[in-house]
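Participant: Quick one: this structure, given as structure tokens, is what I'll be asking you about.
The values are calculated or read from the model by the stated rules, or taken from the named source; none is laboratory data. Just so we're clear, the structure is a prediction, and the values are computed from it rather than from any experiment. Don't worry about glycine lacking a Cβ; one is built from the backbone with ideal geometry, like all the others, and counts go over all protein chains shown. Remember, those area values only see protein heavy atoms, side chains included, never the ligands or the DNA or RNA. Shrake-Rupley method; radii C 1.70, N 1.55, O 1.52, S 1.80 Å.
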Amino acid sequence: MTPDPAATAPVPPRTPGDDADWWRQAVVYQVYPRSFADSDGDGLGDLRGVTSRIPHLRSLGVDAVWLSPFYPSALADGGYDVDDYRAVDPRLGTLEDFDAMAAALHAAGIRLIVDIVPNHSSNRHAWFREALAAPPGSPARDRYLFRDGGGPDGSLPPSDWQSVFGGPAWTRVTEPDGTPGQWYLHLFAAEQPDLNWDNPEVRQDFLTTLRFWADRGVDGFRVDVAHALAKDLTEPLPSAAEIADAAHGTHPLWDRDEVHAIYTEWREVLDSYTPPRTAVAEAWVHASRRARYAVPGGLGQAFNFDLLQADWDAKQFRTVVTDNLAQAAESGASSTWVLSNHDVVRHATRYGLPPGGGRHGQGQDGVDWLLTGGTSPVLDAELGLRRARAATLLMLALPGSAYLYQGEELGLHEVADIPADRRQDPTFFRSGGTEVGRDGCRVPLPWTADGPSFGFGDGPAHLPQPAWFAALAADVQERDPHATLTLYREALAWRRRLQGPEELEWVEGSGEGVLHLRRPGGWQSVTNFGPEPVDLPPGILAVASGPLEDGRLPADTTAWLV
Ligand code: BGC
């Protein structure tokens with residue numbers, strides 16, 4: 001059984017059309033723009049850099065790009081602190097560069113999803129500056145969540161709530177007359193003041209932003225922290241302990257039912273385009289609450305992060321898949337599969353750590369929020385990559401859309417040894433260094449084995465790249481039939497060819513540590529999580545995540561049969 005050479009044949013052009021369902025089984029590639037490709041040598045990736053690497057995306061065979069924030073920002077949180085929602089960070093380019101990038105992606109048959117960050121602006125946003133210059137109780141302050149402090153002189157925060165990145169969720173401002181003043185809420189860094197979504201102007205302005213990008217041809221939106229917009233700050237504010245176990249829908253800050261009224265308004269705008277613009281919620285909520293975000297009258301799709309929180313374990317994977325397909329059926333959306341993104345330890349590294357490794361931090365909902373923590377001396381890098389390749393091939397066999405994170409197609413590991421003085425993630429600073437943060441998965445990509453930043457740009461990259469990147473550079477893998485890049489290309493080519501209805505059937509009887517599934521048309525995927533090689537069912541081998549052993553499927557390997 002040898003892989004079919006047709007799988008590596010040139011990819012035919014695919015021009016995006018008016019198919020309203022294009023997203024349902026799309027493969028979406030996340031570009032974290034500051035770390036993707038740097039066209040001007042300033043060490044930060046930029047939009048022209050993205051455009052220059054479209055041939056890579058096209059040969060990979062992805063259907064869409066999700067572009068993380070590229071807006072003007074002081075980068076207090078990697079761009080998720082937005083100064084202006086309808087502009088491009090000058091260090092990343094101009095609106096013309098954006099239009100050129102969108103046009104080039106579309107010409108290559110690749111759609112474009114942009115990140116929108118509605119829970120908070122940056123503290124440099126014109127609104128926040130205005131709020132600071134205006135008195136308490138003013139309309140300018142009402143766009144944010146200002147409150148008087150506690151204690152006789154207001155010097156205590158209004159509540160003891162903690163920010164997701166560590167430290168208090170309230171920061172005190174200095175009033176225009178120089179006296180210590182009110183406090184504002186920030187669920188994340190102090191540079192990310194939370195907006196007041198009860199304010200009609202805030203609501204209207206985001207509708208304008210949606211139209212602004214949709215009019216420029218953006219095909220969809222990834223909605224940051226979609227579950228936090230609606231808040232109940234009725235005083236007296238409860239303490240953190242009082243709300244720790246709040247029932248679903250009743251927590252003052254997270255996943256309140258009222259949030260969906262916002263998305264009903266958004267959906268009207270999104271549906272006014274042809275094809276309707278898509279939206280996917282980043283909502284770290286209990287699985288039973290996810291469908292509310294994903295319904296067609298809401299955002300239309302919601303991330304499930306269950307796969308990236310699962311250990312390398314057949315039972316856990318099967319439960320995650322079964323449960324999420326049931327939820328997708330309930331909401332009418334397709335499911336979303338993710339193994340890596342810019343917030344978590346890369347999956348090649350997670351799977352090379354003991355179970356639960358690389359997992360740090362709990363969200364307010366009791367849901368693991370960040371899987372940070374970097375690597376540790378117990379990392380088995382080879383095992384991690386073998387499992388990561390197998391997990392990816394399994395994920396790509398599932399009905400629904402699959403999200404890939406830049407660099408995973410190169411088999412990159414987390415970069416663990418970033419010196420403290422080069423770290424950027426606010427998690428690192430706000431936790432006093434006890435959480436290493438997310439920089440390790442955000443290190444600029446190696447495109448070539450040499451060059452000042454491995455082909456990322458003409459100068460040093462904004463985060464230090466390790467020497468081991470050279471061996472994993474895209475140009476090195478180009479020539480290697482066993483490379484992870486080759487595997488991704490073959491898998492995506494096969495997926496496009498085999499894709500049918502969103503149905504999956506488990507095939508029983510292969511043993512405890514084996515997941516065997518069948519898709520319409522007879523496409524089968526078999527993953528061996530166990531330690532010993534297993535027999536493959538009859539069929540023609542299309543692609544495998546690693547070499548077979550005497551025709552058998554070895555440990556930590558997935559194979560597709562047709
Ligand atoms: C993004 C993070 C960001 C946070 C605050 C998210 O969940 O994915 O990268 O730090 O929202 O905007």
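Participant: Report, by residue number, each residue of the range 27-74 that is hydrophobic (A, V, I, L, M, F, W, C) and over 24 Å from residue 119 (Cβ atoms).
Facilitator: Filtering the range 27-74 down to residues hydrophobic (A, V, I, L, M, F, W, C) leaves 27-28, 31, 36-37, 44, 47, 50, 54, 57, 60, 62, 64-67, 70, 74.
Within the range 27-74, 27, 36, 37, 44, 47, 50, 54, 57, 60, 62 meet the criteria.
Participant: Say we look at the range 545-562 and pick out the residues that are aliphatic (A, V, I, L, M) and touching a Phe, Trp or Tyr at 6+ places or on another chain (Cβ under 9 Å); which of these is least open to solvent (accessible area, probe 1.4 Å)?
Facilitator: Within the range 545-562, the subset aliphatic (A, V, I, L, M) is 548, 553, 555, 559, 561-562.
With touching a Phe, Trp or Tyr at 6+ places or on another chain (Cβ under 9 Å) added as a condition, the list becomes 555, 561-562.
Values: 555: 21, 561: 0, 562: 58 Å².
Restricting to residues being aliphatic (A, V, I, L, M) and touching a Phe, Trp or Tyr at 6+ places or on another chain (Cβ under 9 Å), the top hit is 561.
Participant: Do we have residue 46 as modelled with pLDDT of 95 or more, within 16 Å of the ligand (Cβ to nearest atom) and touching a Leu at 6+ places or on another chain (Cβ under 7 Å) here? I'd like the intermediate steps shown before the answer.
Facilitator: On the way: modelled with pLDDT of 95 or more: yes; within 16 Å of the ligand (Cβ to nearest atom): no; touching a Leu at 6+ places or on another chain (Cβ under 7 Å): yes.
So residue 46 fails the test.
Participant: Inspect the range 463-473 for any residue being within 15 Å of the ligand (Cβ to nearest atom), within 25 Å of residue 58 (Cβ to Cβ) and surrounded by 16 or more Cβ atoms within 10 Å (Cβ to Cβ) and give the result as yes or no.
Facilitator: For the range 463-473, residues within 15 Å of the ligand (Cβ to nearest atom), within 25 Å of residue 58 (Cβ to Cβ) and surrounded by 16 or more Cβ atoms within 10 Å (Cβ to Cβ): absent.
Participant: Sticking with this one: Which one of these does residue 538 not meet: (1) open to solvent by 40 Å² or more (accessible area, probe 1.4 Å); (2) outside any loop (DSSP other than H, G, I, E, B); (3) out of contact with any Asp or Glu (no Cβ under 9 Å at 6 or more places or on another chain); (4) not β-branched (Val, Ile, Thr)?
Facilitator: All conditions pass for residue 538, except number (2).
Participant: Can you pull out the residues in the range 299-319 that are touching a helix residue (DSSP H, G or I) at 6+ places or on another chain (Cβ under 8 Å) and more than 16 Å from residue 390 (Cα to Cα)? Full working, then the answer.
Facilitator: First, the residues of the range 299-319 that are touching a helix residue (DSSP H, G or I) at 6+ places or on another chain (Cβ under 8 Å): 299-302, 304, 306-308, 310, 312, 317.
Selection gives 299, 300, 301, 302, 304, 306.
Participant: Out of 264, 250, which single residue is part of a helix (DSSP H, G or I) and open to solvent by 40 Å² or more (accessible area, probe 1.4 Å)? Even if it seems obvious, please write down each step before you answer.
Facilitator: On the way: 250 fails: part of a helix (DSSP H, G or I).
Exactly one residue qualifies, and that residue is 264.
Participant: Please determine, by comparing only the residues of the range 34-61 that are part of a loop (DSSP other than H, G, I, E, B) and of a type in the set (A, V, I, L, M), which one is least open to solvent (accessible area, probe 1.4 Å). Walk me through how you get there before you give the answer.
Facilitator: From the range 34-61, those part of a loop (DSSP other than H, G, I, E, B) are 36-46, 53, 61; that's our starting set.
Then drop every residue that is not of a type in the set (A, V, I, L, M), which leaves 37, 44.
Working: 37: 3, 44: 19 Å².
Ranking the candidates gives 37 first.
Participant: If only one of 159, 138 is free of Cβ contacts under 8 Å to residues at least 24 places away in the same chain and among the polar types (S, T, N, Q), which one is it? Even if it seems obvious, please write down each step before you answer.
Facilitator: Working: 159 fails: free of Cβ contacts under 8 Å to residues at least 24 places away in the same chain.
Answer to the check: 138.
Participant: Of the residues that sit in the range 474-492 and are among the hydrophobic types (A, V, I, L, M, F, W, C) and part of a helix (DSSP H, G or I), which one is most open to solvent (accessible area, probe 1.4 Å)?
Facilitator: Narrowing the range 474-492 to residues among the hydrophobic types (A, V, I, L, M, F, W, C): 474, 476, 483, 485, 487, 491-492.
Retained after the next criterion (residues that are part of a helix (DSSP H, G or I)): 474, 476, 485, 487, 491-492.
On the way: 474: 7, 476: 44, 485: 0, 487: 10, 491: 2, 492: 4 Å².
The residue in question is 476.
Participant: Can you list the helices (runs of 4 or more DSSP H) lying wholly within the range 281-355 that have 2 or more residues being aliphatic (A, V, I, L, M)?
Facilitator: In the range 281-355, the matching helices (runs of 4 or more DSSP H) lie at 291-294, 306-309, 314-331.
Participant: If you don't mind, there's one more thing I want to ask. Can you report the number of residues in the range 461-473 which are outside any helix (DSSP H, G or I) and closer than 11 Å to residue 449 by Cβ?
Facilitator: Summing the residues that are outside any helix (DSSP H, G or I) and closer than 11 Å to residue 449 by Cβ in the range 461-473 gives 1.
Participant: Any idea which residue in the range 73-89 is farthest from the ligand (Cβ to nearest atom), counting only those that are of a type in the set (Asp, Glu) and open to solvent by 20 Å² or more (accessible area, probe 1.4 Å)?
Facilitator: Pass one, the range 73-89, residues of a type in the set (Asp, Glu): 77, 81, 83-84, 89.
Subsequent filtering for residues that are open to solvent by 20 Å² or more (accessible area, probe 1.4 Å) retains 83-84.
Working: 83: 14, 84: 16 Å.
Here the answer is 84.
Participant: On the given criteria, is residue 423 basic (Lys, Arg) and modelled with pLDDT under 95? Spell out how you get there, then give the answer.
Facilitator: On the way: basic (Lys, Arg): yes; modelled with pLDDT under 95: yes.
Yes.
Participant: Could you check residue 433 against (1) free of Cβ contacts under 8 Å to residues at least 24 places away in the same chain; (2) part of a helix (DSSP H, G or I) and say which number it fails?
Facilitator: (2)
Participant: Among all residue pairs at least 6 apart or on different chains, which show Cβ distances below 7 Å where the first residue, located in the range 327-340, is in contact (Cβ under 8 Å) with a residue 60 or more places away in the chain and the second is surrounded by 20 or more Cβ atoms within 10 Å (Cβ to Cβ) and of a type in the set (Lys, Arg)?
Facilitator: Hits for this filter: 340/346.
Participant: Can you pull out every residue in the range 90-110 that is open to solvent by 30 Å² or more (accessible area, probe 1.4 Å) and either more than 16 Å from residue 55 (Cβ to Cβ) or part of a loop (DSSP other than H, G, I, E, B) (or both)?
Facilitator: Answer for the range 90-110, where residues must be open to solvent by 30 Å² or more (accessible area, probe 1.4 Å) and either more than 16 Å from residue 55 (Cβ to Cβ) or part of a loop (DSSP other than H, G, I, E, B) (or both): 90, 91, 94, 95, 96, 99.
Participant: Same structure, new question: Looking at the range 111-142, which of its residues are assigned to a helix (DSSP H, G or I), more than 16 Å from the ligand (Cβ to nearest atom) and open to solvent by less than 20 Å² (accessible area, probe 1.4 Å)? Quick ask: steps written out before the conclusion?
Facilitator: Applying the first criterion (assigned to a helix (DSSP H, G or I)) to the range 111-142 yields 126-133, 141-142.
Next cut, more than 16 Å from the ligand (Cβ to nearest atom) only: 126-127, 129-133, 141-142.
Passing the criteria: 131, 141.
Participant: Still on this model: When you look at residue 232, is it without any contact (Cβ under 8 Å) to a residue 12 or more places away in the chain and open to solvent by 20 Å² or more (accessible area, probe 1.4 Å), yes or no? Walk me through it before giving the result.
Facilitator: Numbers: without any contact (Cβ under 8 Å) to a residue 12 or more places away in the chain: no; open to solvent by 20 Å² or more (accessible area, probe 1.4 Å): yes.
Judged against the criteria, residue 232 is not a match.
Participant: Would you please list the contacts, defined by Cβ atoms under 9 Å and residues six or more apart or on different chains, that run from a residue in the range 507-536 that is free of Cβ contacts under 8 Å to residues at least 12 places away in the same chain to a residue that is open to solvent by less than 20 Å² (accessible area, probe 1.4 Å) and outside any loop (DSSP other than H, G, I, E, B)?
Facilitator: Correct list of pairs: 508/516; 509/516.
Participant: Taking into account only those residues within the range 514-535 that are in contact with a Lys or Arg (Cβ under 8 Å, 6 or more places away or on another chain) and over 17 Å from residue 492 (Cα atoms), which is most open to solvent (accessible area, probe 1.4 Å)?
Facilitator: Of everything passing the filter in the range 514-535, 535 is most open to solvent (accessible area, probe 1.4 Å).
Here is a yes/no grid of residues against (1) closer than 30 Å to residue 479 by Cβ; (2) surrounded by 21 or more Cβ atoms within 10 Å (Cβ to Cβ); (3) of a type outside the set (D, E, K, R); (4) modelled with pLDDT of 95 or more:
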position: 364; (1), (2), (3), (4): no, yes, yes, no
position: 386; (1), (2), (3), (4): yes, yes, no, yes
position: 389; (1), (2), (3), (4): yes, yes, no, yes
position: 403; (1), (2), (3), (4): yes, yes, yes, yes
position: 406; (1), (2), (3), (4): yes, yes, yes, yes
position: 417; (1), (2), (3), (4): yes, no, no, no
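Participant: So residue 271 clears everything in (1) under 25 Å from residue 204 (Cβ atoms); (2) open to solvent by less than 10 Å² (accessible area, probe 1.4 Å) except one condition, right? Which one?
Facilitator: The failed condition is (2).
Participant: Just checking, how many residues over the range 149-207 are open to solvent by less than 30 Å² (accessible area, probe 1.4 Å), of a type in the set (D, E, K, R) and within 16 Å of the ligand (Cβ to nearest atom)?
Facilitator: Residues that pass the stated criteria total 1.
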